[in-house]
Structures are given as structure tokens and as C-alpha cells.
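Have a look at the structure below before the remarks.
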Ligand SMILES: NC(=O)c1ccc[n+]([C@@H]2O[C@H](COP(=O)([O-])OP(=O)(O)OC[C@H]3O[C@@H](n4cnc5c(N)ncnc54)[C@H](OP(=O)(O)O)[C@@H]3O)[C@@H](O)[C@H]2O)c1
């Protein structure tokens, strides 16, 4: 049986990738920050747990023993994303592993977003250790906005009219499971964008029609965001996200869905389908 080590397995993306792998009969070893997160990973089908500290690398060499492949993702807007990639890919290389998939982001070379540039640098570091590594570059997930929509209000600190090709996290996880378990994806980079171009205002309209109750939409002033959600963040994470909001104001985040369509062998899920499924 194939065994895959999933980094960050108790987080939003890691849970989806773990569930997609285990639904295909793959044995998942979940790398978690603390044993307290074990239940979260077991709940989506992980068979075993490795406690790993991505910031120091402790536990990594033990976690990679006996696995066939690694799915690597970094904690959100982490300042040392490149160092983390170096530690995880380095452990994989020392263990003689070649199948390695890195969870990057759509348009990692966009210089207006420092956390995107860190993903571009992390892709390079991974491939310095493992030239055959695969990189997935997902757009923003539909699921980021689902809870707010179900609560009746979408409030964002960027333009309500900017265009986005958001992607379904389940579709991303399905592609992750494919490239981790089937040959033919070595050394390749895949952009994973959703099938529609929608603004946040469009998304609220679609949700209003679908749910049969009004979903309000509003713009949050940056000062209010900084004094509200921004207070729980480090200064660097706050600045990274402010740069992202400015980039979203200018151009949104738009990619081409063709690669995702080809890899899935079907139409990617729409915003409405993601809402129905949640
Ligand atoms: N959200 C999107 O739309 C989107 C789109 C494209 C790409 N991405 C990328 O996807 C990646 C994952 O995002 P996410 O939303 O899934 O993140 P998340 O839910 O915050 O998951 C990150 C996981 O990493 C773990 N972690 C944090 N620090 C750690 C450490 N020092 N050692 C070991 N584990 C540690 C966390 O552990 P705990 O569970 O204990 O906190 C958590 O389980 C990010 O790099 C993001 O940029 C996101």
C-alpha cells in the first residue's frame, strides 16, 4: 500500500488532501504540530501521526521513514516558508524519496505580494533538493467564503468588483491525490484555477439566488480590518495580507481553468456547487 506523509494535515488544506488520499485507499501519515491535533487528522482518515515542528525541523527525519511520497504545504503567510520548504524537501532527499508535491499558489511570481514571492522561492528550494518535485498552484478556495455566506454577509477589505477564479478545495485535493499516486507528473507545475470569473458581489448574488435568502455584501475599510481581524496577526502577516488586498483591488486573482479541467477529467466545481456541497 502507498504511504503518503501529509504536512500540515490538521489544517484546512491538509484535511482535504488527507481525505482525498484515504478515500482512494492510500495510507496517510499525518504530520501535525502537536499530538493534540491527532484526532483532527484521524477524523479524515489518517492512519498514523508524526509530530513535527516545521520551524526547527524536529521530527522530520523520523516522519519520512518508510513513506513513498510527501505532500508539503506551509502554514499560511509564514515568514520562514522558504526555510520550511528547505527542511522538508531536505529530509525527503536524505531519505531517498523522489515523489514530492509542493502546495504553492496561483501566480507565485507576482512581486506585489511578498507571501507569493516566498512561494516562488520555496518552489525553487524544493526543486534544488528534488528536481522531480511537482508544484500545484491553486487559486483562492471557494471554501474561504462559505461560512460568511451561510451567516448571511460577505465582508471583505478589498474591491467587491475585482475578478476571481476561485477553486474548489475538494478539486485541488483530488488533483493532489492524483499526482501523489500516479506517474507522469514529475517535475511539472500545475495552475489550478476555477471555471468561472466572479467578483465577491457576484458570489453574493449567486448565493442569494441559491439559498433563497439575502446574502449582504460590504467592503471593510482597511483601518477597520487592521483594528479588527488584523490585531491577532504578527506585523509581517498583517503587512503580507494588506499587500494582498491592494493586489486584489488592482486585479483580483485570475487564472486559467484548462489545466484543472484536464487533470480532473471533468468540469471543475463552480461556486454554486461548492455552496450546495457545504
Ligand atoms: N486559502 C487559500 O485560498 C489558499 C489558496 C492557495 C494556496 N494556499 C496555501 O495553502 C497553505 C495552507 O493553508 P491552510 O489554510 O490550509 O493553512 P492552515 O489551515 O493554517 O494549516 C496549516 C497547518 O500547519 C500547521 N502548522 C503551523 N505551524 C506549524 C509548525 N511550526 N510545525 C508544524 N505544523 C505547523 C498548523 O497546525 P495547527 O493545526 O496546530 O494550527 C495547521 O494544521 C498556505 O501555504 C497557503 O498559502 C491557500
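The values are calculated or read from the model by the stated rules, or taken from the named source; none is laboratory data. Computed from a prediction, not measured in an experiment: that's the story for all the values here. A quick note on method: Cβ atoms are made from the backbone with ideal geometry, for glycine too, and the neighbour counts reach across all protein chains shown.
Tabulated results
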{"item": "Those residues of region 159-172 which are surrounded by fewer than 22 Cβ atoms within 10 Å (Cβ to Cβ) and within 25 Å of residue 122 (Cβ to Cβ), in sequence order", "result": "170"}
{"item": "Verdict on residue 20 being in contact with a helix residue (DSSP H, G or I) (Cβ under 6 Å, 6 or more places away or on another chain), more than 24 Å from residue 127 (Cα to Cα) and touching a residue at least 40 places away in the same chain (Cβ under 8 Å)", "result": "yes"}
{"item": "Matching residues, region 206-222, being loosely packed, with under 13 Cβ neighbours inside 10 Å and in a loop (DSSP other than H, G, I, E, B)", "result": "212, 213, 214, 221"}
{"item": "Residues within region 169-185 that are out of contact with any strand residue (DSSP E or B) (no Cβ under 7 Å at 6 or more places or on another chain) and touching a residue at least 24 places away in the same chain (Cβ under 8 Å), tallied", "result": "7"}
{"item": "Top-ranked residue of region 139-162 - restricted to ones that are out of contact with any helix residue (DSSP H, G or I) (no Cβ under 8 Å at 6 or more places or on another chain) and within 16 Å of the ligand (Cβ to nearest atom), ranked as nearest to residue 204 (Cα to Cα)", "result": "148"}
{"item": "Residues located in region 62-78, provided they are surrounded by 17 or more Cβ atoms within 10 Å (Cβ to Cβ), outside any helix (DSSP H, G or I) and within 13 Å of the ligand (Cβ to nearest atom)", "result": "71, 72, 73, 74, 77, 78"}
{"item": "Residue list for region 31-61, filter: more than 8 Å from the ligand (Cβ to nearest atom), part of a loop (DSSP other than H, G, I, E, B) and in contact with a helix residue (DSSP H, G or I) (Cβ under 6 Å, 6 or more places away or on another chain)", "result": "44, 45, 46, 57"}
{"item": "Sole residue being buried (at least 16 other Cβ atoms within 10 Å of the Cβ), under 23 Å from the mean Cα position of the chain (by Cα) and part of a helix (DSSP H, G or I), chosen from 154, 145", "result": "145"}
{"item": "Flag if residue 136 is part of a strand (DSSP E or B), modelled with pLDDT of 95 or more and within 13 Å of the ligand (Cβ to nearest atom)", "result": "yes"}
{"item": "Unmet requirement for residue 174, which otherwise passes all of (1) assigned to a helix (DSSP H, G or I); (2) farther than 18 Å from residue 261 by Cα; (3) away from the ligand (no atom under 13 Å from the Cβ)", "result": "(2)"}
{"item": "Yes/no for residue 106 being near the ligand (Cβ under 9 Å from one of its atoms) and either modelled with pLDDT of 95 or more or assigned to a strand (DSSP E or B) (or both)", "result": "yes"}
{"item": "Top-ranked residue of region 188-205 - restricted to ones that are in a loop (DSSP other than H, G, I, E, B) and either touching a helix residue (DSSP H, G or I) at 6+ places or on another chain (Cβ under 7 Å) or in contact (Cβ under 8 Å) with a residue 60 or more places away in the chain (or both), ranked as nearest to residue 138 (Cα to Cα)", "result": "193"}
{"item": "In region 1-30, residue surrounded by the most Cβ atoms within 10 Å (Cβ to Cβ) [restricted to those that are more than 10 Å from the ligand (Cβ to nearest atom) and in a loop (DSSP other than H, G, I, E, B)]", "result": "26"}
{"item": "Residue list for region 223-253, filter: touching a helix residue (DSSP H, G or I) at 6+ places or on another chain (Cβ under 6 Å), farther than 15 Å from residue 155 by Cα and either without any contact (Cβ under 8 Å) to a residue 40 or more places away in the chain or surrounded by fewer than 13 Cβ atoms within 10 Å (Cβ to Cβ) (or both)", "result": "238"}
{"item": "When residues of region 79-96 are limited to those that are over 24 Å from residue 181 (Cα atoms) and not in a helix (DSSP H, G or I), the one farthest from the ligand (Cβ to nearest atom)", "result": "79"}
